[in-house]
1. Could you say whether any residue in region A:135-152 is in contact (Cβ under 8 Å) with a residue 24 or more places away in the chain, assigned to a strand (DSSP E or B) and under 29 Å from A:S11 (Cα atoms)?
2. Exactly one condition in (1) within 22 Å of B:L219 (Cβ to Cβ); (2) out of contact with any strand residue (DSSP E or B) (no Cβ under 6 Å at 6 or more places or on another chain); (3) more than 14 Å from every other protein chain (Cβ to nearest Cβ) is not met by B:V171; state its number.
3. Inspect all residues belonging to region B:71-93 and state whether any of them is in a helix (DSSP H, G or I), surrounded by fewer than 20 Cβ atoms within 10 Å (Cβ to Cβ) and without any contact (Cβ under 8 Å) to a residue 40 or more places away in the chain.
4. Just checking: which of the strands (runs of 3 or more DSSP E) contained wholly in region A:176-262 hold 3 or more residues that are away from chain B (no Cβ under 13 Å), at pLDDT 95 or above and in contact with a helix residue (DSSP H, G or I) (Cβ under 7 Å, 6 or more places away or on another chain)?
5. Name the residues in region B:144-162 that are under 26 Å from B:A220 (Cα atoms) and either surrounded by fewer than 19 Cβ atoms within 10 Å (Cβ to Cβ) or assigned by TED's automatic domain parsing to the domain that holds B:R34 (or both), would you?
6. On the basis of being touching a Lys or Arg at 6+ places or on another chain (Cβ under 8 Å), buried (at least 18 other Cβ atoms within 10 Å of the Cβ) and assigned by TED's automatic domain parsing to the domain that holds B:A126, does B:L107 make the cut?
7. Can we say A:G130 is buried (at least 17 other Cβ atoms within 10 Å of the Cβ), within 14 Å of another protein chain (Cβ to nearest Cβ) and without any contact (Cβ under 8 Å) to a residue 60 or more places away in the chain?
8. Inside region B:55-70, can you point out the residues that are assigned to a helix (DSSP H, G or I) and out of contact with any Ser or Thr (no Cβ under 8 Å at 6 or more places or on another chain)?
Number of protein chains: 2
Amino acid sequence: MRSVRSLAQKSVRARQGLFLAEGPPAVREAVRWRPDLVRDLYVTDEAGQRYAEIVGAAADAGLAIRAVGADSLAAMADAQTPQGMLAVCRIPVADLDEVLAAGPRVLCVLAHVRDPGNAGTVIRAADAAGADAVVVSEGSVDAYAPKVVRSTAGSLFHLPVVSGMPVPAIVDRLRAAGVTVLAADGAGERTVDEVDLRRPHAWLFGNEAWGLSPEDRGLADDVVRVPIHGRAESLNLAMAATVCLYASARHGAGSADPPTGP
Amino acid sequence: MRSVRSLAQKSVRARQGLFLAEGPPAVREAVRWRPDLVRDLYVTDEAGQRYAEIVGAAADAGLAIRAVGADSLAAMADAQTPQGMLAVCRIPVADLDEVLAAGPRVLCVLAHVRDPGNAGTVIRAADAAGADAVVVSEGSVDAYAPKVVRSTAGSLFHLPVVSGMPVPAIVDRLRAAGVTVLAADGAGERTVDEVDLRRPHAWLFGNEAWGLSPEDRGLADDVVRVPIHGRAESLNLAMAATVCLYASARHGAGSADPPTGP
């Protein structure tokens, strides 16, 4: 129990190569899209009955389900309300060269983003907008920290997340692969509606409090702002990123839009 | 001190008609845009020096500045870090008929939204996207609760926020004024990119967890979804509202886009 909870610590995650997916939504997405990553699955009796379809899908995927009491689960979890379900998952290895070799159309780079909620929400937005991958720079929050995982709402199991590279190295590789780098910044001369988003491009988003550093911004091919029409000073990082990523989706000829249920 | 802090309680706010604006960003916007609403302004010596331009603007507006110690300020504040500055403000009275008489182009309605962070962030998005007003339904979180105020980042001082009406009454008045009502909902047949946003319209956004009730959704003229391009189940309320409101801004011929500084 203790060893599971210790995965809330970055050093333990790094040493063991494991992370926590807590709660039925995260576990459902893990089981559905990346059962190969699920090492241990802990479920209370009550949650097992309530979310029978998740347990069934896990069994179909050949995963062993460990029944635990609610108190034991609470002792393992970082979340205050793990809702009866928790998976210990292997951290997937994602490589930027592999991502680039697949010919991505839209990428999302987090440069020195520290706030877990904003980071997770941007990963979720990137997924929803159909981006091909997310790159989380060195000096950013760990994408597999429990709060980030929760904020992604399962998106960590949907698209590659590359971690650990310094921003200049990321930009170098992107540009070498023919990907235009767009810095999202209130100082941009052009708005997100005025820039050409039909070519392969990567959005560069900065820290939630102070934005992009002048050095990081200077690495980009273009600096682009989200227009502010009213009296607001700005949008928060997650909102600005959502506007940018959905602009990319809108201009992407090849993007699919599967109908969603009610 | 105690009486100031008690403004964190809805019943006290309702009785006194007052609310708390905490921290330099909120106080700056209050002083700049609605000094008529500021009743008492409390500033520590340190914050007064650090944010001299806010104190100067307050003095120019004829506001009395009360020097307090950091401990006293902490005792008054709901925020964990009020950053040395707090204003007790009068709750402005906003009336839907007045809003409609001004010929609005885009309105934002929160229907049974309970989460303070989502509610405040949507108000901020409405402001940034140039919406004319926000309507917060009966049964939603109080727009003047401290957590909502903080999430708006000052936008409560930028545009009218109408509170307290039931959703059916809101929709009736909107329609009588010629405003099309669009329910934002994953069940929509048309996407936000496919709907006509050139006519005056109001977005109806539902609860952060369960969305719009079938009754509220049924009141709308059209049900519109934000397209999901990847594998994400959905966007959170604040993100979905940001996409919708920015779509309105993009289609609004008359919307201004003042250049923003670096």
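The values are calculated or read from the model by the stated rules, or taken from the named source; none is laboratory data. From a predicted model like this one, the values you see are computed outputs, not experimental measurements. So basically every Cβ, Gly included, is an ideal-geometry build from the backbone, and we count neighbours across all protein chains shown.
1. Quick first cut of region A:135-152, residues in contact (Cβ under 8 Å) with a residue 24 or more places away in the chain only: A:135-152.
In the following step, the residues that additionally are assigned to a strand (DSSP E or B) were identified as A:135-136.
Subsequent filtering for residues that are under 29 Å from A:S11 (Cα atoms) retains A:135-136.
The answer is yes, given that some residue of region A:135-152 is in contact (Cβ under 8 Å) with a residue 24 or more places away in the chain, assigned to a strand (DSSP E or B) and under 29 Å from A:S11 (Cα atoms).
2. Single failed check for B:V171: (2).
3. Taking region B:71-93 as the starting set, the residues that turn out to be in a helix (DSSP H, G or I) are B:71-76.
Right, trim to surrounded by fewer than 20 Cβ atoms within 10 Å (Cβ to Cβ) and you get B:71-72, B:74-75.
Restricting the remaining residues to those that are without any contact (Cβ under 8 Å) to a residue 40 or more places away in the chain gives B:71, B:74.
Scanning region B:71-93, I find at least one residue that is in a helix (DSSP H, G or I), surrounded by fewer than 20 Cβ atoms within 10 Å (Cβ to Cβ) and without any contact (Cβ under 8 Å) to a residue 40 or more places away in the chain, so the answer is yes.
4. Values: elements: A:180-184, A:201-205, A:222-225.
The qualifying strands (runs of 3 or more DSSP E) are A:201-205.
5. None; the set is empty.
6. Numbers: touching a Lys or Arg at 6+ places or on another chain (Cβ under 8 Å): no; buried (at least 18 other Cβ atoms within 10 Å of the Cβ): yes; assigned by TED's automatic domain parsing to the domain that holds B:A126: yes.
The answer is no for B:L107.
7. Working: buried (at least 17 other Cβ atoms within 10 Å of the Cβ): yes; within 14 Å of another protein chain (Cβ to nearest Cβ): yes; without any contact (Cβ under 8 Å) to a residue 60 or more places away in the chain: no.
So A:G130 does not fit the description; no.
8. Selection gives B:V55, B:G56, B:A57, B:A58, B:A59, B:D60.
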